[in-house]
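Q: What follows is a structure written as structure tokens; I'll ask about it next.
The values are calculated or read from the model by the stated rules, or taken from the named source; none is laboratory data. Treat the numbers as computed from the prediction; the structure is a model and nothing was measured. No Cβ is skipped: glycine too gets one built from the backbone with ideal geometry, and neighbour counts run over all protein chains shown.
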Amino acid sequence: MATSVLFMSMSVDGYIAAPNDRPDNPGGDDFIRLHEWGLTPDGQDFRTSGPAGELMAEVGSTGAVVAGRRTVEQVDHWGGDHHGRGVPIFVPSHRPPGPTVVNYPLVTYVSDGIVSAMEQAKAAAGGRDVLVQGAYTARRAIEAGVLDEIQIHLVPVLFGGGRRLFDVLPSRVELEVLRVVDTPEATHLRYRVTDKGA
């Protein structure tokens, strides 16, 4: 059965987007700093070797994506193909999609909530992981009890501002450590959500 995994790079002070994150400046000022661990030195491609390459390969093997509307709109739905992987993208939203979505057959807007979006993504993933992206969507998935795992790539930087990943949750959530991979560029932490309380 498919596992839903939040895959997120984060500063040590808890930010997943830098200051001045807005539609004309996606991710904020110097946002790329959070993702350098997974990029080749020239910043033009994803790493394919070493621990970072293995972690990027995990993302590349996911079978579907659930991403928040704000996330997908800032990147125009990745051009309808999440980093060239050819997997379906599900966007939970109560508002209809913008006009560009008609050009992206892999993108589906789901109007009846995060639980339905996750069910559809898991069904479409064919037993592979479902990649979850977006802070708001992650929080809603945790609250609804449909997020199975959290993978944080903790980057050794303090942003001092921006957008936090877990700004507000309705209650405590227990996690089980599944894996820790420590590299000079980031510490990669994978957890299982053990208390789904929804």
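Q: Does region 78-99 include one or more residues that are among the small types (Gly, Ala, Ser), in contact with a Pro (Cβ under 8 Å, 6 or more places away or on another chain) and more than 28 Å from LEU178 (Cβ to Cβ)?
A: Yes: one or more hits.
Q: A further question follows. State whether the residues of region 42-57 include one that is charged (D, E, K, R) and closer than 30 Å to SER111 by Cα.
A: Checked against the condition, which is being charged (D, E, K, R) and closer than 30 Å to SER111 by Cα, region 42-57 yields no hits at all.
Q: So is ARG69 surrounded by fewer than 18 Cβ atoms within 10 Å (Cβ to Cβ) and basic (Lys, Arg) or not?
A: no
Q: A further question follows. Return the pair list, or none, for Cβ contacts closer than 9 Å from residues in region 48-59 that are among the hydroxyl-bearing types (Ser, Thr, Tyr) to residues that are not in a helix (DSSP H, G or I), at least 6 apart or on different chains.
A: From region 48-59, the pairs are THR48/THR40.
Q: Hey, another quick one. Scanning region 143-175 for residues that are modelled with pLDDT of 95 or more and β-branched (Val, Ile, Thr), which turns out surrounded by the fewest Cβ atoms within 10 Å (Cβ to Cβ)?
A: VAL157
Q: Give me the pairs: first residue in region 143-171 and farther than 17 Å from GLY27 by Cα, second residue among the basic types (Lys, Arg) and outside any strand (DSSP E or B), beta-carbon distance under 7 Å, and six or more apart or on different chains, which are they?
A: GLY145/LYS196; LEU169/ARG139
Q: It is to be established whether one or more residues within region 72-79 are surrounded by fewer than 19 Cβ atoms within 10 Å (Cβ to Cβ), under 21 Å from VAL193 (Cα atoms) and of a type outside the set (A, V, I, L, M).
A: For region 72-79, residues surrounded by fewer than 19 Cβ atoms within 10 Å (Cβ to Cβ), under 21 Å from VAL193 (Cα atoms) and of a type outside the set (A, V, I, L, M): absent.
Q: Restricting attention to region 176-198, and to residues there that are out of contact with any Leu (no Cβ under 8 Å at 6 or more places or on another chain) and closer than 30 Å to PRO41 by Cβ, which single residue is modelled with the highest pLDDT?
A: If we take residues in region 176-198 being out of contact with any Leu (no Cβ under 8 Å at 6 or more places or on another chain) and closer than 30 Å to PRO41 by Cβ, then LEU178 is modelled with the highest pLDDT.
Q: I'm checking my understanding of the structure. Among residues of region 176-187 that are hydrophobic (A, V, I, L, M, F, W, C) and part of a strand (DSSP E or B), which one is surrounded by the most Cβ atoms within 10 Å (Cβ to Cβ)?
A: So, considering only residues that are hydrophobic (A, V, I, L, M, F, W, C) and part of a strand (DSSP E or B), the one surrounded by the most Cβ atoms within 10 Å (Cβ to Cβ) is VAL181.
Q: Can I ask one more? Go through region 21-46 residue by residue and tally those that are in contact (Cβ under 8 Å) with a residue 24 or more places away in the chain and either on the phi > 0 side of the Ramachandran plot or part of a loop (DSSP other than H, G, I, E, B) (or both).
A: Selection size over region 21-46: 5.
Q: Further question: Would you point out which residue out of VAL91, VAL12, VAL5, VAL66 is modelled with pLDDT of 90 or more and more than 14 Å from the chain's Cα centre (by Cα)?
A: Testing whether each residue is modelled with pLDDT of 90 or more and more than 14 Å from the chain's Cα centre (by Cα) leaves just VAL12.
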